[in-house]
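Take a look at the structure below.
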Amino acid sequence: MKKENAEHWIDRDPELKCYLPGTPRAMYLPYPFEITQSTNKVHVAFAFSNTARTIHLDTVEGPPADLWMGHSVGRWEGETLVVDVREFNDKTWFDRAGNFHSEALHLIERFSLVTPDVIWYEVTIEDPNVFTRPWRIAMPLYRRMEPNIQLLEYPCIEFAEEFLYGNLRKKPLVTHWEGDTMSIDVKRKVPPGDEFYAWFRK
């Protein structure tokens with residue numbers, strides 16, 4: 001399945017279709033996000049595709065259906081926020097290489113403040129339907145330092161990258177594209193007098 005996903009990533013990757021990126025992928029996409037803490041909730045708002053997640057620090061009922069971002073329940077272990085994430089659907093990937101998960105995905109996230117401007121983020125990933133054992137990733141999350149920083153929406157447009165720049169590839173990446181509601185055979189053409197194309201292909 002991973003190999004097949006990788007071969008067809010351009011028309012299968014949920015991120016390229018502008019769907020919610022899922023957890024933990026939303027945490028390491030190259031777009032900013034904002035963490036807001038209250039007494040019993042932590043809200044994470046992402047620039048990508050108006051994505052958001054709520055980490056519940058109190059007792060709440062589970063969701064009525066499986067979620068793209070999962071259902072997050074947190075607790076404090078000293079200065080570290082530990083988040084148990086379950087109730088996923090199986091529609092998101094971990095990356096553009098086609099690494100996927102099932103509805104059995106279970107995450108344990110740990111957010112540890114290293115300095116006032118750096119959070120150490122690590123997540124243990126478990127999915128007995130896909131992986132033979134749990135595995136872990138970790139990375140620093142850096143605070144944006146600009147004054148009066150605001151979280152702006154990243155207006156994702158499906159297929160935009162390939163539509164705008166696909167003709168510049170030496171070998172076409174896409175000859176057939178499948179969406180949820182239609183399939184398209186793609187035949188590339190270069191607009192007459194396209195100076196950028198002529199310069200790029202030199």
Sole miss for VAL83 among (1) among the hydrophobic types (A, V, I, L, M, F, W, C); (2) in contact with a Lys or Arg (Cβ under 7 Å, 6 or more places away or on another chain); (3) in a strand (DSSP E or B) is condition (2)
Can you work out which of the residues in region 34-55 that are on the phi < 0 side of the Ramachandran plot and outside any strand (DSSP E or B) is surrounded by the fewest Cβ atoms within 10 Å (Cβ to Cβ)?
THR39
Tell me yes or no: at least one residue of region 126-149 is modelled with pLDDT under 90, farther than 30 Å from GLU87 by Cα, outside any strand (DSSP E or B) and in contact with a strand residue (DSSP E or B) (Cβ under 9 Å, 6 or more places away or on another chain).
yes
Restricting region 74-93 to residues that are buried (at least 18 other Cβ atoms within 10 Å of the Cβ) and hydrophobic (A, V, I, L, M, F, W, C), the one nearest to the chain's Cα centre (by Cα) turns out to be TRP93
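Conditions tested, residue by residue: (1) touching a Phe, Trp or Tyr at 6+ places or on another chain (Cβ under 8 Å); (2) more than 22 Å from LEU151 (Cβ to Cβ).
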| position | (1), (2) |
| --- | --- |
| ALA45 | yes, no |
| SER49 | yes, no |
| ASP84 | no, yes |
| THR92 | yes, no |
| ASN99 | yes, yes |
| SER112 | yes, yes |
| THR124 | yes, yes |
| ASP127 | no, yes |
| ALA138 | yes, yes |
How many residues of region 126-172 are among the hydrophobic types (A, V, I, L, M, F, W, C) and surrounded by 12 or more Cβ atoms within 10 Å (Cβ to Cβ)? The answer is 11
Inspect all residues belonging to region 117-133 and state whether any of them is over 26 Å from GLY22 (Cβ atoms) and in the same structural domain as HIS43 (by TED's automatic domain parsing).
yes
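The values are calculated or read from the model by the stated rules, or taken from the named source; none is laboratory data. On a predicted model such as this, the values are computed, not experimentally measured, just so you know. Please note: Cβ atoms are built from the backbone with ideal geometry, for glycine as well, and neighbour counts cover all protein chains shown.
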